1. Considering only residues of the range 153-171 that are surrounded by 12 or more Cβ atoms within 10 Å (Cβ to Cβ) and in a helix (DSSP H, G or I), which is nearest to the chain's Cα centre (by Cα)?
2. If I ask for residues that are in contact (Cβ under 8 Å) with a residue 60 or more places away in the chain and either assigned to a strand (DSSP E or B) or in contact with a Gly (Cβ under 7 Å, 6 or more places away or on another chain) (or both), which ones from the range 9-34 would you list?
3. For Leu89, state whether it is of a type outside the set (Lys, Arg), touching a Leu at 6+ places or on another chain (Cβ under 7 Å) and without any contact (Cβ under 8 Å) to a residue 60 or more places away in the chain.
4. Being exposed (fewer than 11 other Cβ atoms within 10 Å of the Cβ) and either of a type in the set (A, V, I, L, M, F, W, C) or touching an Asp or Glu at 6+ places or on another chain (Cβ under 8 Å) (or both) is the filter here; which residues of the range 172-185 pass it?
5. Counting only residues that are part of a strand (DSSP E or B) and in contact with a Lys or Arg (Cβ under 9 Å, 6 or more places away or on another chain), which one in the range 97-150 is surrounded by the fewest Cβ atoms within 10 Å (Cβ to Cβ)?
6. Sort out which residues of the range 12-56 are closer than 24 Å to Trp96 by Cβ and among the basic types (Lys, Arg), and write them in order of number.
7. Are there any pairs, at least 6 apart or on different chains, whose C-beta atoms fall under 9 Å, with the first in the range 138-164 and assigned by TED's automatic domain parsing to the domain that holds Gly179 and the second at pLDDT 90 or above and acidic (Asp, Glu), and if so, which?
Amino acid sequence: MGQKIILEDLFCITLADVNKHLNTKAIGRRTRTVQVKYRDPSTGHQVITHSFQLTINIDQGNDFLQIEYSFGNKSHVNIVPLIACKANLGRGIVYWFQDSFGYKCRKLFFAGNNFVSCKALNHTYRQQTESRKKRNRMKTIRTIRRYQKIVALADQKYYMAVRAGRATIKKLKVDRAKGILNSLS
């Protein structure tokens, strides 16, 4: 059993990305090139790390997503079947990726040379690799930041503490956040 892969470090294609770049509502075949960029900390410029060509084919019963990419000097093609299901509210169709195990999934991760679902990976989440003490500290810091944002609402231009003789909901939230911040410090 090898070392676990941290899932947040992998490039991911979601169904939302596919819907954003390629319309899944229309029947037919469409192609679009998607570039993955990151900001270089030393120069501040955006650098293209990967380029993927996504082709979607929506027909009656033969729906698939074709992903073409180059890794090293070799070009690869992954064909991922799409499963069409009725939407949970009864209107329209929702598409799912079908992974190599036959399960429906919404995300595909780029691991090794292929796009696979998280069920096919020996993975963990970043938060699971950190100590409990550090996780508790980070949780406290996130809580403090959230309440500081709420207290900052009182400094907004059109903040009203009282309306028609009663305290507004925003004022009550700010007072509660101030009380919690005072108890934490």
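1. Narrowing the range 153-171 to residues surrounded by 12 or more Cβ atoms within 10 Å (Cβ to Cβ): 153-154, 159, 161, 167-168, 170-171.
Remaining after also requiring in a helix (DSSP H, G or I): 153-154, 170-171.
Values: Leu153: 28, Ala154: 32, Lys170: 30, Lys171: 33 Å.
Looking at residues that are surrounded by 12 or more Cβ atoms within 10 Å (Cβ to Cβ) and in a helix (DSSP H, G or I), I get Leu153.
2. Those that are in contact (Cβ under 8 Å) with a residue 60 or more places away in the chain and either assigned to a strand (DSSP E or B) or in contact with a Gly (Cβ under 7 Å, 6 or more places away or on another chain) (or both): Phe11, Cys12, Ile13, Thr14.
3. Criteria not met by Leu89.
4. Leu184
5. Kept after step one, since they are part of a strand (DSSP E or B), are these residues of the range 97-150: 97-98, 104-105, 107-111, 114-116, 123-124.
Retained after the next criterion (residues that are in contact with a Lys or Arg (Cβ under 9 Å, 6 or more places away or on another chain)): 97-98, 105, 123-124.
Working: Phe97: 22, Gln98: 18, Cys105: 20, His123: 17, Thr124: 14.
Result: Thr124.
6. The answer is Lys20, Lys25, Arg29, Arg30, Arg32.
7. So the pair list comes out empty.
The values are calculated or read from the model by the stated rules, or taken from the named source; none is laboratory data. Note that the structure is predicted; figures quoted are calculated from it, not measured. Positions of Cβ are generated from backbone atoms using ideal geometry, with glycine treated the same way; all protein chains shown enter the neighbour counts.
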